[in-house]
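Only the coordinates and a few stated rules stand behind these numbers; no lab work does. Treat the numbers as computed from the prediction; the structure is a model and nothing was measured. Using ideal geometry, Cβ is built from the backbone for each residue, glycine included, and neighbour counts are taken over all protein chains shown.
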Amino acid sequence: MTTSRYLADYVLTCNADFSLLKNAALDVADGRISWVGERSEAPPHEGSTIQLGGLLMPGLVNSHAHTPMTLVRGAGDGLPLMDWLTKVMWPREGQMTSEDALWGMRLGAAEMLLSGVTSTCEMYLFEEALVEASQDVGIRLVMTPGIISALHGDSFGATDNRIAAIADFHAQHHDPDTLVTVGFGPHSAYDLPLELCSEVASAARDLDALLHIHVCETQDEGAALEAQHGGESTIEILAQHGILDGKVLAAHSVWLNETDMEIYAQKRVRVAHCPVSNMKLASGTAAIQAMRAKGIDVGLGTDGPASNDDLDLWQEIKISPLLARVTELDASSMTPQDALTMATVEGSRAIGNDDSGTLQIGAKADFVRLELDNPTFVPVTNDDELIAHVAWSGSGRHVTDVWVQGTQVVANRRLTNFDLERAIAESQTRGLRLAEDSGT
Ligand SMILES: [Zn+2]
């Protein structure tokens, strides 16, 4: 089998012992990593050899996003979550067409790839458009079609027959050998009836599919539900209704107590931690250190680009340890390795992709090259310092090249197969129309 051999100054594997290889070679065959190690030990191979220099690492994994919200980026700034959703976001999104979602997703997927994000887990409507857009741009997609209802009714997100429609969509598009896998995206237990959430969870389990749901994002959102259930916590209520059984990705999970975290650990619930969104909307600080100490997988997410306002996951890599440290007043509470692990292999597991997010033999070849010839990466006097530079100073501007499943999608900071200028122009026109038509 022919392989492509990439030579780099460093390979940061993000494997279990977090090895940093120097003067390294990375072989890719048929979309997967066939060998990785020190160049001097590389086996003979047939195929091309590409001298890259720089540092190779796994592509970043955005574990929670609503990417077509690029079209409403920046709107409603300064409002608390419920007002922000009901007075600005949902009125604008209510005007959105499938064609709008297609362009919003194309723009966001381009933004992600250019900053080194190679996988995204999306909760949104217009799932067919999101699949088409992700394939156009070349990003790996976990599509969890949204189910959303009570708070804003009408045409945006009617729930009738939605479970059957998503099961059909799963049958059509879910294929772990390609770039697309499919789950279910019920918005939350404060938006949807519990019985419906239970039905969705059961349908997801039947297909061994991911259930992706917002949980305890803000302090008060669960008050009505908890009052109806004799003061039990939202997590206890979800568990009693079978909603946490199966492969569950709980976005946010900010307002959890010790018992709630025990339930997560026991049910093997995964968490999408979105520190920038949680800070921007003043939602709170998730206790991810405590969760990870219990063995819970925690990925990093941007959340929708309207609550962030960008899709560059490097900010989450920096801010998640900053937030943990300042909350606990403990500079040792989260390491650069922890942050990079969450952004890659742990996040990948959290969204159901167990064979990507790390540079080791057999893994899917989703990787990025960072330019090290840059002021913020100097000096390096030992390996840990280089890893620290990547976590604390890394950003999308250091990413020069990106591969997804072995295919190069960004070369020398440009998308190889996509017209970014057109996506920017389309998104500007469409975003303006949504604002005007909704009167917001
Ligand atoms: Zn969200």
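Numbers below:
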| read-out | value |
| --- | --- |
| Most mobile listed residue (Gln266, Gln289, Gln228) in the chain, GNM with C-alpha springs under 10 Å | Gln228 |
| Acute angle (nearest 10 degrees) that the helix 194-206 long axis makes with the longest principal axis of the chain, alpha-carbon atoms | 40 |
| Whole-number Å³ per residue for the convex hull built on Cα positions in segment 293-344 | 88 |
| Among Leu71, Met261, Ala324 - extreme Cα towards positive end, dipole of segment 60-350, charges at beta-carbon | Ala324 |
| P(r) tail fraction, segment 293-427 - alpha-carbon pairs more than 27 Å apart, % | 26 |
| Helix-only [θ]222 nm of the chain, DSSP H runs n ≥ 4, -39500 (n - 2.57) each, per residue, nearest 500 | -9500 deg cm²/dmol |
| Calculated on alpha-carbon atoms, Rg and Dmax of segment 1-143 in Å | 20.1, 62 |
| Hydrodynamic radius of segment 89-131 per Kirkwood, over alpha carbon pairs, in Å | 11.1 |
| Lysine pairs meeting the criterion (Cα under 22 Å, 8 or more apart or interchain), as found in the chain | 7 |
| Using alpha-carbon coordinates, inclination of helix 314-328 to the longest axis of the chain, degrees | 70 |
| Where only alpha carbons of segment 1-76 are counted, the Rg and the Dmax (Å) | 17.1, 58 |
| Three-way shape label, segment 241-362, alpha-carbon gyration tensor, a/c 1.5 | rounded |
| Within a Gaussian network of the chain (alpha carbon springs, distance under 10 Å), most fluctuating of Val28, Val368, Val380 | Val380 |
| Candidates Leu370, Leu210, Leu386, ranked by Gaussian network fluctuation over the chain, Cα under 10 Å, top entry | Leu386 |
| Amide H contacts of Val410 (H built 1.01 Å from N, under 5 Å, at least 5 apart or other chain) | Val402, Thr416 |
| Stokes-Einstein D for segment 60-350, Kirkwood Rh over Cα pairs, 25 °C, 0.890 mPa s (µm²/s) | 131 |
| Cα gyration tensor category, rounded, prolate or oblate, for segment 194-281 with a/c compared to 1.5 | oblate |
| Prolate/oblate/rounded call for segment 74-199, Cα gyration tensor, a/c under 1.5 rounded | oblate |
| Helix 98-114 axis, angle to the chain major axis (alpha carbon atoms, nearest 10°) | 40 |
| Alpha-carbon centroids, segment 15-76 and segment 265-296: separation in whole Å | 26 |
| Unit Cα scatterers, Debye sum, segment 52-127: log10 I(q)/I(0) for q = 0.18, 0.22, 0.28 Å⁻¹ | -0.79, -1.04, -1.30 |
| Integer Hz, Karplus 6.51/-1.76/1.60 couplings in order for segment 63-75, x for Gly and Pro | 8, 7, 8, 10, 4, x, 5, 3, 6, 10, 4, x, 7 |
